[in-house]
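What follows is a short report on a single structure.
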Amino acid sequence: MEPNQHELYEYARNRIKQKKRLFIHFIIFFVGSIFLFVANHWLSYHDEINWWIWAATIWLFIFIFHCIKVLITDSFMNKNWERAQIDKLMLKQTKKIEQLKNDLENSKSLEP
């Protein structure tokens, strides 16, 4: 396999793993929320308040953050984006170094 194809394969494999983990997180969240409801109401574990709603809501926010990371952030902030940012910063640094060299040469030529 060529290096470029291998890199594409690794990226696809990692994305599949991320999405698989997200799906597993959803299943565990769903089953866990049902368990929390059952523990609160049917098992009468501190049934004077609906604490399961708070626990499920906090878990839902964690799941939403996981979704945002996998489906939004990682989909466009991947290796290609990193390379583009690195190239942009390197170009900026190169221009700055060239400017400093030119300034230094100009200051040397102005000295008597």
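Within region 67-82, work out how many residues are more than 17 Å from Lys20 (Cβ to Cβ) and of a type in the set (D, E, K, R).
Qualifying residue count, region 67-82: 2.
Report yes if Phe29 is farther than 25 Å from Arg83 by Cβ, open to solvent by 100 Å² or more (accessible area, probe 1.4 Å) and under 25 Å from the mean Cα position of the chain (by Cα), otherwise no. Outline the logic, then answer.
Details: farther than 25 Å from Arg83 by Cβ: yes; open to solvent by 100 Å² or more (accessible area, probe 1.4 Å): no; under 25 Å from the mean Cα position of the chain (by Cα): yes.
Considered against the rule, which asks whether it is farther than 25 Å from Arg83 by Cβ, open to solvent by 100 Å² or more (accessible area, probe 1.4 Å) and under 25 Å from the mean Cα position of the chain (by Cα), Phe29 comes out as no.
One residue is enough: does region 78-97 have a residue meeting the conditions outside any helix (DSSP H, G or I) and either in contact with a helix residue (DSSP H, G or I) (Cβ under 9 Å, 6 or more places away or on another chain) or on the phi < 0 side of the Ramachandran plot (or both)? Quick ask: steps written out before the conclusion?
Residues of region 78-97 outside any helix (DSSP H, G or I): 78.
When the remaining residues are screened for being either in contact with a helix residue (DSSP H, G or I) (Cβ under 9 Å, 6 or more places away or on another chain) or on the phi < 0 side of the Ramachandran plot (or both), the result is 78.
Looking through region 78-97, at least one residue is outside any helix (DSSP H, G or I) and either in contact with a helix residue (DSSP H, G or I) (Cβ under 9 Å, 6 or more places away or on another chain) or on the phi < 0 side of the Ramachandran plot (or both).
Test each condition in (1) of a type in the set (D, E, K, R); (2) open to solvent by less than 100 Å² (accessible area, probe 1.4 Å); (3) in contact (Cβ under 8 Å) with a residue 24 or more places away in the chain for Glu98 and report the one that comes out false.
Checking Glu98 against (1) of a type in the set (D, E, K, R); (2) open to solvent by less than 100 Å² (accessible area, probe 1.4 Å); (3) in contact (Cβ under 8 Å) with a residue 24 or more places away in the chain, the one that fails is (3).
If I filter region 41-55 for residues that are open to solvent by less than 90 Å² (accessible area, probe 1.4 Å), touching a residue at least 24 places away in the same chain (Cβ under 8 Å) and either outside any helix (DSSP H, G or I) or out of contact with any Phe, Trp or Tyr (no Cβ under 6 Å at 6 or more places or on another chain) (or both), do I get at least one hit? Don't jump to the end; show me each part of the working.
Filtering region 41-55 for residues open to solvent by less than 90 Å² (accessible area, probe 1.4 Å) gives 41, 44, 47, 50-53, 55.
From the residues that got through so far, the ones that are touching a residue at least 24 places away in the same chain (Cβ under 8 Å) too are none.
Within region 41-55, none of the residues are open to solvent by less than 90 Å² (accessible area, probe 1.4 Å), touching a residue at least 24 places away in the same chain (Cβ under 8 Å) and either outside any helix (DSSP H, G or I) or out of contact with any Phe, Trp or Tyr (no Cβ under 6 Å at 6 or more places or on another chain) (or both).
Within region 78-95, take every residue that is open to solvent by less than 90 Å² (accessible area, probe 1.4 Å) and of a type in the set (S, T, N, Q) and give me the one that is modelled with the lowest pLDDT.
Out of the qualifying residues, it is Asn78.
The values are calculated or read from the model by the stated rules, or taken from the named source; none is laboratory data. From a predicted model like this one, the values you see are computed outputs, not experimental measurements. Don't worry about glycine lacking a Cβ; one is built from the backbone with ideal geometry, like all the others, and counts go over all protein chains shown. Ligands, DNA and RNA are excluded from the accessible area calculation, which covers all protein heavy atoms including side chains. Shrake-Rupley method; radii C 1.70, N 1.55, O 1.52, S 1.80 Å.
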